[in-house]
Amino acid sequence: MIYEIDLLNEDDVRFLNFETDSFEYVDGSVSNPSEIKKNLMCYFGNEYQVTSQHLQQIVHKKLYNVYALHKISQMYFLKYNEEHKYGYHLDNFPIGGVHAHYSMTIFLNDDYAGGELVIKVGDVETVHKPKAGKAILYSTGLWHKVNPVTKGTRNVVVCWLESIITDSFMRSWIIDFGRYIEAIPDNGGEALEHLRLNLLRQYGTNV
């Protein structure tokens with residue numbers, strides 16, 4: 001599963017970009033000493049702690065119910081300058097202090113070239129470069145990479161989320177059910193019917 005989420009409003013994006021300017025970044029290879037990874041990372045410091053707690057509160061408020069969250073991992077603020085990249089890899093387990101079911105990338109800017117998040121589903125590559133303030137949430141077990149940045153700086157936050165639901169099939173459908181309920185003013189009724197049909201396909205038997 002892959003979801004694009006409207007996570008941050010303009011004020012949130014402005015605040016986070018302002019705060020991260022004062023962060024102390026280190027070589028990203030400290031978390032994965034590999035030739036495939038080249039970026040900068042911040043995960044400590046007084047300014048980091050305040051900003052990270054602020055962002056965790058937003059994630060908790062926006063995602064807790066629909067995505068059936070149990071724990072939110074430590075936040076990692078990343079910078080990808082020109083020629084920075086992260087080749088195909090799988091996230092560790094556990095990671096960031098949680099037994100992750102979801103990985104999430106939160107985009108703080110969009111004024112750069114390259115730097116797409118690429119997630120492989122089966123043998124198909126899906127490419128993601130959303131607007132600032134959006135987040136891409138996806139199953140932690142999927143192969144993914146960040147294409148080289150060719151111009152500007154890519155500012156993102158990554159974290160991992162642990163669900164209260166361990167069964168991946170039921171977790172997926174419960175998330176969809178929650179998202180459809182949120183969409184009722186728009187097309188939620190039609191979406192709920194799609195959910196009903198898919199549950200029939202899963203659990204129905206020939207008679």
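Using the Cβ-Cβ distance between Glu35 and His128 with R0 set to 30 Å, the FRET efficiency works out to roughly 0.80. Net charge of the neighbourhood of Gly96, taken over other residues with C-beta under 14 Å away and scored Lys/Arg +1, Asp/Glu -1, is -1. Rounded to the nearest percent, how much of the accessible area of the chain (1.4 Å probe, protein heavy atoms only) is carbon and sulfur? It is 51 percent, rounded to a whole number. From the convex hull of the Cα coordinates of segment 95-157, what is the mean projected area in square nanometres? Average projection, Cα convex hull of segment 95-157: 4.5 nm².
Using the Cβ-Cβ distance between Phe15 and Trp143 with R0 set to 25 Å, the FRET efficiency works out to roughly 0.15.
For the chain, adding -39500 (n - 2.57) for each run of n ≥ 4 DSSP H residues and dividing by the number of residues yields -9500 deg cm²/dmol at 222 nm.
Protection proxy ranking for 110-121, 82-93, using the average of other Cβ atoms within 10 Å per residue and placing the highest first: 110-121, 82-93.
The values are calculated or read from the model by the stated rules, or taken from the named source; none is laboratory data. Only a predicted model underlies this, so the values are computations on that prediction, with no experimental measurement involved. Every residue, glycine as well, gets a Cβ built from its backbone with ideal geometry; the counts of neighbours run over all protein chains shown. Please note that ligands, DNA and RNA were not included when accessible areas were found on the heavy atoms of the full protein model with its side chains. Shrake-Rupley method; radii C 1.70, N 1.55, O 1.52, S 1.80 Å.
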